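Engineer: First the structure, then my questions, so here it is.
The values are calculated or read from the model by the stated rules, or taken from the named source; none is laboratory data. What you see is a predicted model, and the numbers here were worked out from it, not measured in a lab. Positions of Cβ are backbone-derived with ideal geometry, glycine not excepted, and every protein chain shown enters the neighbour counts. Just the protein is used for accessible areas: all its heavy atoms, side chains included, with ligands, DNA and RNA removed. Shrake-Rupley method; radii C 1.70, N 1.55, O 1.52, S 1.80 Å.
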Amino acid sequence: MSRVTPQVIWTVIRRARLLRVLMIYLGACLATLEAVDLIAAHVGLPDWTFRVAIVLLLLGFPIIVTTALVQSAPRASAGAAEEAPAAEEPPTSVSEGAVRAGQWLTWPRAITGGVLAFALLGVTVTVLTLARMLGIGPAGSLVAAGVLGPRERIILADFENLTRDSLLAIVVAEALRIDLAESPMVTVAAPEYVAKVLTRMAVEPGTPLDLGLAREVAIREGLRAVVVGDVGALGNRYMLTAEIVAAESGEVLAGFRETAGGEDDIVVAVDRLSHKLRERIGESLKSIRRSPPLNDVTTGSLEALRKYSQALRAIYTDGEAEQGIALLEEALALDTSFAVAYSELGTTLLNRGEQRARALEALGDAYEHRDRLTERERQVVTGNYHLDVTREWDKAIAAYRTVLDIYPNDAESLNNLAYLYLQLRDFTRAEELIQRALAVDSTDAVIFGNLVYAQVALGKFEEAERSLERMREKTPGHPQTAWRTAALASARGDYRAAEAHVRGLWEAGKGSLAQQARASLNLAALARVRGRLAEAERHLRDAMAAQRERGLGSEYLEAAIELAWLDVWYRGAPARGLRQAEEALALYPLDSLDPLDRPYLSLAKLYAVAGRPRRAAQLVREYEARLDVESRRGSEEAWHEARGAVALAEGRVEDAIAELAAWDAATGCPVCALPDLASAYERAGVADSLVPIYERYLSTPWLPRLLSDSYHLGQVHERLGQLYRERGDADRAIEQYGKLIDLWRDADPEFEPRIEAARGAILAFPGHR
């Protein structure tokens, strides 16, 4: 028997052409894995498919090598024996074994075996995928099995904390919420939604949403599932557990566990946990894989995420918006690219109607870092940015519609899109979108408020009343309900009822300077519209004191400007009014405020009407110089309004008409520009236009018309009475004078001459002596 030497081994390898075979096999392996990866990416195969393919190829390697060696072995034959030299040894038993092995280890059989192995893999994957799609067995998805419906809302309960870090479970739950919100198969109930349900259940704010309470919320709202979990510690490692629990029975429908190697690995572990939940619910694997890593769409700072989670709880659960705003600022100080925190900060500030400069800056920062957001959040942030910052409403509409193409039941996008159509005065489309949003979330007071807004704009006052009834039922105790009730009463001219509601809000807001300031401004408007100027002045000074205590200079100045208007507009004392405005400016100089927060345009109109057009024009120029075109887009209406007032004060009547018409076209308010526009037409001597404009002002239904009415309603009735009297239209003149007298029934003494003039005009008509 010959010895096995390196030379012999190399001879065998060369005879078997093993290197060539291995190169071919390596190429086939790479092609196979590429094909599996491609199919997995486009079809959505299970994660283990690729790993099993690698195992099969590794198992095939020794078979391929052995087959190559066996098939290259010399075959014994009769002819070969006869020709063999006498000195050679006869064939050995190894050669005989190789001959026998060669009968089995053939290339056709090796190739067929590989094909069958991958065919079995394909059949297995297909069967399991079908089972998942049909909801059969343990692989079946919950949606396919009918346990959950597509896009059904679920409640995310508070996670149980089993670690020394008291906030860690809150952070994990919030991170899980962010990732689950990316799924098109399920809708995670927002914190504000849950907070409103708990309010209706008379549960104390801040009560932990444990599994029992979460199930109760779900059952009450007709929801079928709750997600609950816990966070535990094992040395430096963390165990994260999540379960989907049936609300009615408490049965665990699915449960998963993930391990985090340390605090820095927690968000990554939540990402894996969320993907398992999404897969079990029924989302396609292709869709899940397309989702960006949770670390990329939230923050790499666990402490920033902790602050963000605390902020959401403060805003939506505890009702402590100011504390929540401070926590969001702290989170952003820790991670300056935390896009979702910027978005939340900007939205919260805008909803509160304050610190507009900071709100727009935050929305701009969120947009700048939008690559750090999930696809849904990215489009929502894009929409918000173009809605509130750039005012490019076509782009905002496109962004919200992109969200709705993927998530047709996204209440936030439905409501935001409806709001855009309200601004565009497409009230029918707005109402349709709001009704869709309420079908998704019937507990959102803001959405209900927008429905009332749209219905009033369409002249559907009775439907608006019914919507308010539903709003009271669904959102009891929510301030927005009382605000909308007061607005509807004032829009119908029932100022006493409106005042009662606003006074209730003032009393309820004694612990909130923000609410007291807002209530005081509304009480001032309700007094002003009825000619009760001394009372309006008291309320305005209350609002100024509240804003000063809050340290909000811009809001203080706006209230002071309203105070100045009492003298400029009603009392005929412009010098005194301007002195009051200048005293406020001495306290909060314009240069001390962010340019976006400086009330340049409000002051410009005040100075123009008070007979100081040069100062008014200077303020408009300063506004234009300090703010670029993009920053001014949010104030386009006020810019045209101020420029129109300046032009009118300077005697440029045609320019004033053009500016005021541009204001009317740019604003979502269909009545706000009309009184000023009528005044400009009167200055131009176009008397025929006055009555149609004033009548349009009175007949156009508009929910938030109180501020405009508080300055113009009495004047419109008075001027229309005069115009109809000049035309000899006694009935309409008497109607308008009568409305003026009724409106100013309890007015201050300085209105008495105008009221007596109206009475005299009525008595001057035949048959009315």
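Engineer: So, in segment 336-353, of the ones that are part of a helix (DSSP H, G or I) and of a type in the set (Ser, Thr, Tyr), which residue ends up modelled with the highest pLDDT? Walk me through how you get there before you give the answer.
Structural biologist: Of the residues in segment 336-353, the ones part of a helix (DSSP H, G or I) are 339-352.
Right, trim to of a type in the set (Ser, Thr, Tyr) and you get 342-343, 347-348.
On the way: Tyr342: 93, Ser343: 90, Thr347: 88, Thr348: 88.
The qualifying residue modelled with the highest pLDDT is Tyr342.
Engineer: Could you tell me which numbered condition Thr207 fails, if it satisfies all but one of (1) surrounded by fewer than 22 Cβ atoms within 10 Å (Cβ to Cβ); (2) touching a strand residue (DSSP E or B) at 6+ places or on another chain (Cβ under 7 Å); (3) within 27 Å of Ala321 (Cα to Cα); (4) of a type in the set (Val, Ile, Thr)?
Structural biologist: Unmet for Thr207, out of (1) surrounded by fewer than 22 Cβ atoms within 10 Å (Cβ to Cβ); (2) touching a strand residue (DSSP E or B) at 6+ places or on another chain (Cβ under 7 Å); (3) within 27 Å of Ala321 (Cα to Cα); (4) of a type in the set (Val, Ile, Thr): (2).
Engineer: Still on this structure: Sort out which residues of segment 505-526 are of a type outside the set (S, T, N, Q) and open to solvent by less than 40 Å² (accessible area, probe 1.4 Å), and write them in order of number. Show your work before the answer.
Structural biologist: We begin by selecting, within segment 505-526, every residue of a type outside the set (S, T, N, Q); these are 505-511, 513-514, 517-519, 521, 523-526.
Those that are of a type outside the set (S, T, N, Q) and open to solvent by less than 40 Å² (accessible area, probe 1.4 Å): Leu505, Gly509, Ala514, Ala517, Ala519, Leu523, Ala524, Ala525, Leu526.
Engineer: Same structure, new question: Residues in segment 576-602 that are part of a helix (DSSP H, G or I) and either within 18 Å of Ser631 (Cβ to Cβ) or without any contact (Cβ under 8 Å) to a residue 24 or more places away in the chain (or both): how many?
Structural biologist: Taking segment 576-602 and keeping what is part of a helix (DSSP H, G or I), we get 576-587, 590-592, 595-597, 600-602.
Within this subset, residues satisfying the condition of being either within 18 Å of Ser631 (Cβ to Cβ) or without any contact (Cβ under 8 Å) to a residue 24 or more places away in the chain (or both) are 576, 579-580, 582-583, 586, 590-591, 595-597, 600-602.
Summing the residues that are part of a helix (DSSP H, G or I) and either within 18 Å of Ser631 (Cβ to Cβ) or without any contact (Cβ under 8 Å) to a residue 24 or more places away in the chain (or both) in segment 576-602 gives 14.
Engineer: Just need a number here: residues in segment 603-617 that are free of Cβ contacts under 8 Å to residues at least 40 places away in the same chain and either under 28 Å from Glu392 (Cα atoms) or of a type in the set (Ser, Thr, Tyr) (or both). I'd like the intermediate steps shown before the answer.
Structural biologist: Residues of segment 603-617 that are free of Cβ contacts under 8 Å to residues at least 40 places away in the same chain, as a first pass: 607, 611-617.
Narrowing further to those that are either under 28 Å from Glu392 (Cα atoms) or of a type in the set (Ser, Thr, Tyr) (or both): 607, 617.
Residues that pass the stated criteria total 2.
Engineer: How about segment 439-492: which helices (runs of 4 or more DSSP H) wholly inside it have at least 3 residues that are free of Cβ contacts under 8 Å to residues at least 40 places away in the same chain and out of contact with any Leu (no Cβ under 9 Å at 6 or more places or on another chain)? Write out each step before concluding.
Structural biologist: Values: elements: 445-457, 461-474, 479-491.
Passing ranges, in order: 461-474.
Engineer: Tell me which residues, restricted to segment 272-301, are under 14 Å from Ala173 (Cβ atoms) and either at pLDDT 80 or above or not hydrophobic (A, V, I, L, M, F, W, C) (or both).
Structural biologist: Of all residues in segment 272-301, those under 14 Å from Ala173 (Cβ atoms) come to 273-274, 277, 294, 298.
If the condition is that a residue be under 14 Å from Ala173 (Cβ atoms) and either at pLDDT 80 or above or not hydrophobic (A, V, I, L, M, F, W, C) (or both), then Leu273, Ser274, Leu277, Thr298 are the ones that fit.
Engineer: Within the group Ala396, Ala359, which residue is buried (at least 21 other Cβ atoms within 10 Å of the Cβ), closer than 16 Å to Gly634 by Cβ, touching a His at 6+ places or on another chain (Cβ under 6 Å) and not β-branched (Val, Ile, Thr)? Talk me through it step by step, then tell me what you get.
Structural biologist: Values: Ala359 fails: touching a His at 6+ places or on another chain (Cβ under 6 Å).
Criteria check complete, one pass: Ala396.
Engineer: Of the residues Leu180, Leu168, only one is more than 30 Å from Ile447 (Cβ to Cβ), under 36 Å from the mean Cα position of the chain (by Cα) and either surrounded by 13 or more Cβ atoms within 10 Å (Cβ to Cβ) or at pLDDT 80 or above (or both); which? Give the derivation first.
Structural biologist: Working: Leu180 fails: more than 30 Å from Ile447 (Cβ to Cβ).
Just a single option satisfies the conditions, and that option is Leu168.
Engineer: So which of Arg272, Arg280 ends up being in contact with a Phe, Trp or Tyr (Cβ under 9 Å, 6 or more places away or on another chain), touching a residue at least 40 places away in the same chain (Cβ under 8 Å) and open to solvent by 30 Å² or more (accessible area, probe 1.4 Å)? Full working, then the answer.
Structural biologist: Numbers: Arg272 fails: touching a residue at least 40 places away in the same chain (Cβ under 8 Å).
Matching residue, one of Arg272, Arg280: Arg280.
Engineer: With closer than 30 Å to Phe427 by Cα, charged (D, E, K, R) and open to solvent by 40 Å² or more (accessible area, probe 1.4 Å) as the only criterion, which of Arg696, Arg705, Arg683 stands out?
Structural biologist: Details: Arg705 fails: open to solvent by 40 Å² or more (accessible area, probe 1.4 Å); Arg683 fails: closer than 30 Å to Phe427 by Cα.
Just one listed residue meets the conditions, Arg696.
Engineer: Still on this structure: Is it the case, given these coordinates, that Ile266 is open to solvent by less than 40 Å² (accessible area, probe 1.4 Å), more than 21 Å from Arg151 (Cα to Cα) and in a helix (DSSP H, G or I)?
Structural biologist: Values: open to solvent by less than 40 Å² (accessible area, probe 1.4 Å): yes; more than 21 Å from Arg151 (Cα to Cα): yes; in a helix (DSSP H, G or I): yes.
So Ile266 passes the test.
Engineer: If you don't mind, there's one more thing I want to ask. Tell me which of these Asn415 doesn't satisfy, since it passes every other one: (1) closer than 27 Å to Leu458 by Cα; (2) assigned to a helix (DSSP H, G or I); (3) open to solvent by 50 Å² or more (accessible area, probe 1.4 Å).
Structural biologist: (3)
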